[in-house]
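The structure appears right after this line, and notes come after that.
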Amino acid sequence: MRIIMMGPPGVGKGTEAVILVKHFNIPHISTGNIFRELFHDDTEIGKIAKSYIDRGELVPDDITNEIVHQRLSKDDVKDGFLFDGYPRNIAQAEALDKMLEEKNWTLDAVINFQATDELIIERISGRRVCKKCGAVYHIHNKPPKTEGVCDQCGGQLIQRDDDKQETVLRRLRIYYDQTEPVIGYYKDSGLIVNIDGSQTIEKTNADIMKVLGEMN
Ligand code: AMP
C-alpha cells in the first residue's frame with residue numbers, strides 16, 4: 001500500500017497516520033518528523049530546516065526532495081509506505097512522480113483531510129507532543145493519562161514552537177497557496193479520497209478504512 005496523506009496542518013493526518021501504518025505494517029514517512037530528528041541530532045540540514053520551520057515556511061524543495069529520495073532508497077519501503085506532509089507543493093509532487101517512476105511504483109491513494117480553519121486552529125492550539133519520542137496528544141481530544149507526561153515513554157509533553165498562533169496562521173496561508181493545489185495535481189488520477197477530518201479519531205479512521213477497502 002502506497003499512501004499520501006494531505007490536508008492542512010493540525011487536521012489529524014499524523015494521528016491517523018500512526019493508526020494506518022500499524023494496520024498496513026508500512027513505514028510512516030513524515031518529512032516534518034525527519035526534519036525535527038535531523039535538528040535534534042544537531043546536523044547542518046536539521047539547523048537549516050529549523051530556521052524555516054520556526055517561521056512557519058516550507059523548507060526548500062531541493063533539501064526536502066533529497067531527504068525523501070534517501071528515505072525511499074531504504075529497504076523497508078519496498079512493500080509500501082505512507083507519506084504524511086509530503087508532497088507540499090506542485091514541484092514536490094513532480095519530484096515524487098519521478099522518484100516513483102524510477103522504481104516503477106504507483107500510488108494507491110491520496111487521502112485528503114478536510115476541516116474548517118476554526119477547527120484547525122483549535123486542534124493545533126491544544127496539540128502537545130512528546131519531546132522525547134514525538135508522540136502526539138491533544139489536551140481535550142487525546143489527553144495523556146498523566147498531564148504533561150507521555151504515555152509511551154514518560155517524556156515531557158510540550159507545545160511545538162511552530163504551533164503557536166502567529167506561526168499557525170502563516171502555515172495555514174502557505175497551505176492554501178502552495179499545498180492545496182497539489183490536490184488538483186492528483187485530480188485526474190482517481191486516487192483522491194476526501195475525508196472529513198472534523199470527526200473523532202475513531203470515526204475518521206473507520207471512514208478511511210472503508211474507502212481504502214472499496215478501492216482495492
Ligand atoms: P509537519 O510536522 O508536517 O507539520 O511539518 C512541520 C514543518 O516542517 C512545516 O511547517 C515545514 O516548515 C516543514 N516541512 C515538513 N514537510 C515539508 C515539506 N514536504 N516541504 C517543505 N517543508 C516541510
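The values are calculated or read from the model by the stated rules, or taken from the named source; none is laboratory data. Just so it is clear, the structure is predicted and the values come from calculations on it, not from any experiment. Note: ideal-geometry Cβ built from the backbone for every residue, glycine included; neighbour counts use all protein chains shown. For accessibility, only protein heavy atoms count, side chains too; no ligands or nucleic acids. Shrake-Rupley method; radii C 1.70, N 1.55, O 1.52, S 1.80 Å.
Stretched out straight at 0.36 nm per residue, the stretch from Asp61 to Lys103 would grow longer than its current Cα-Cα span by 13.1 nm. Close amide H partners of Tyr86, meaning residues 5 or more places away or on another chain with modelled amide H under 5 Å apart, are Met5, Thr31. The residues of the chain expose on average 52 square angstrom of accessible surface per residue, using a 1.4 Å probe on protein heavy atoms.
From the C-alpha coordinates alone, can you work out the Kirkwood hydrodynamic radius of region 36-149, in Å? Write out the running numbers ahead of the final one.
Details: mean 1/r = 0.0598 Å⁻¹.
Taking the inverse mean of 1/r over all distinct Cα pairs, region 36-149 comes out at 16.7 Å.
When all alpha-carbon pairs of the chain are counted, what percent fall beyond 22 Å?
Taking all Cα-Cα pairs of the chain, the fraction more than 22 Å apart is 50 percent.
Taking 0.36 nm per residue of separation and subtracting the Cα-Cα distance, full extension of the segment from Lys203 to Val77 would add 42.6 nm. Computed over every Cα-Cα pair of region 1-84 and binned at 5 Å starting from 0, the pair-distance distribution P(r) comes out as 3, 14, 23, 23, 21, 13, 3, 0 percent. In terms of its Cα atoms, region 117-172 spans 32, 19, 12 Å along the principal axes, sorted from long to short.
Can you flag which of Lys78/Lys98; Lys13/Lys164; Lys13/Lys203; Lys131/Lys164; Lys13/Lys210; Lys74/Lys132 are past 21 Å Cα-Cα? Each step should come with its number before you reach the end.
Details: Lys78/Lys98 16 Å; Lys13/Lys164 19 Å; Lys13/Lys203 13 Å; Lys131/Lys164 16 Å; Lys13/Lys210 17 Å; Lys74/Lys132 24 Å.
Those over the limit are Lys74/Lys132.
Can you give me the solvent accessible area of Tyr185 with a 1.4 Å probe, rounded to the nearest 10 Å²? Rounded to the nearest 10, that gives 80 Å².
Using Cα pairs closer than 8 Å and at least 6 residues apart in sequence, work out the relative contact order for region 56-211, in percent.
On the way: 141 pairs, mean separation 48.1, N = 156.
Reported as a whole number, the value is 31 percent.
Averaging Cα coordinates gives a centre for region 43-73 and one for region 178-216; these two points are 26 Å apart. For Ala109, the residues whose amide H sits under 5 Å from its own are Arg2, Ile4, ignoring neighbours fewer than 5 places away on the same chain, with H placed 1.01 Å from N.
On the protein heavy atoms, probe 1.4 angstrom, tell me the percent of accessible surface of the chain carried by carbon and sulfur. Provide the component values of the computation, followed by the final result.
On the way: 5620 of 11320 Å².
Result for the chain: 50 percent of the exposed heavy-atom area is carbon or sulfur.
Roughly how big is the chain's charge dipole about its Cα centre, with Cβ charges of +1 (Lys, Arg) and -1 (Asp, Glu), in debye to the nearest 20?
Computed about the Cα centre, the dipole is about 560 debye.
Looking at region 1-48, I'd like the Rg to Rh ratio, where Rg is from alpha-carbon atoms and Rh is Kirkwood's inverse mean 1/r. Radius of gyration relative to Kirkwood radius: 1.05. Here the Karplus curve 6.51 cos²θ - 1.76 cosθ + 1.60, taken at θ = phi - 60°, turns the phi angles of region 23-40 into couplings of 4, 8, 6, 10, x, 9, 9, 9, 5, x, 5, 4, 4, 5, 5, 4, 6, 4 Hz, with x standing for Gly and Pro. Comparing mean-square fluctuations of Arg123, Arg88, Arg173 from a GNM of the chain with C-alpha springs under 10 Å, the top value falls on Arg173.
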